[in-house]
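Remarks on the structure that follows.
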């Protein structure tokens, strides 16, 4: 921080339009790391270690496509400028957490559906284990990017714990059904 203002990295990205796969790869990596789009080819991330590897990957991908990324250190000229960037960045994280919460709800509904149908097979259990592991990976990634703490992060933590409990419940039912055979 400088003078009470958080520091940011601003990435000015230029990649030729063709072949488009390079532009798409750079865009996907920017989205994956949680960069905030500021406008055409301009992105920002907080200047914290969690984003360093992603910024490096973005630059490498751009170079592969014969493009470039100029990385600038930045801070708002006034506290409200930094606060605005932080609010926009946190709003993006809140959208990601909302999507995560929706997938937790789908996981819960899937467990309900399998229990309702009495589908207690190892194949189904493995599928649900994979789904929960995907949720866990996604949660870790979101938590790493959410450096300012979006309000929905705590609810996401609770829902992931709930999903873990639901899988444990389903696992018990599967093993009970298999041992009755």
Problem set entry | Tally, over the stretch 1-52, of residues that are assigned to a strand (DSSP E or B), under 19 Å from residue 75 (Cβ atoms) and over 17 Å from the mean Cα position of the chain (by Cα) | 11
Exercise. If the Cβ limit is 8 Å and pairs must be 6+ apart or interchain, which residue in the stretch 123-138 that is in the same structural domain as residue 163 (by TED's automatic domain parsing) pairs with which residue that is outside any helix (DSSP H, G or I) and surrounded by 11 or more Cβ atoms within 10 Å (Cβ to Cβ)?
Worked result: none
For this session: Take residue 107 and decide whether it is at pLDDT 95 or above, touching a strand residue (DSSP E or B) at 6+ places or on another chain (Cβ under 8 Å), surrounded by 12 or more Cβ atoms within 10 Å (Cβ to Cβ) and part of a helix (DSSP H, G or I).
Result: no
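Yes or no: residue 79 touching a residue at least 40 places away in the same chain (Cβ under 8 Å), within 25 Å of the chain's Cα centre (by Cα) and either surrounded by fewer than 19 Cβ atoms within 10 Å (Cβ to Cβ) or over 21 Å from residue 143 (Cα atoms) (or both)?
Criteria not met by residue 79.
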Exercise. Among the candidates 85, 72, 101, which residue alone is assigned to a helix (DSSP H, G or I) and modelled with pLDDT of 95 or more?
Worked result: 101
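The values are calculated or read from the model by the stated rules, or taken from the named source; none is laboratory data. Keep in mind the model is a prediction, meaning the values are calculated, not measured. As a convention, Cβ positions derive from the backbone with ideal geometry for all residues, glycine included, and neighbour counts pool all protein chains shown.
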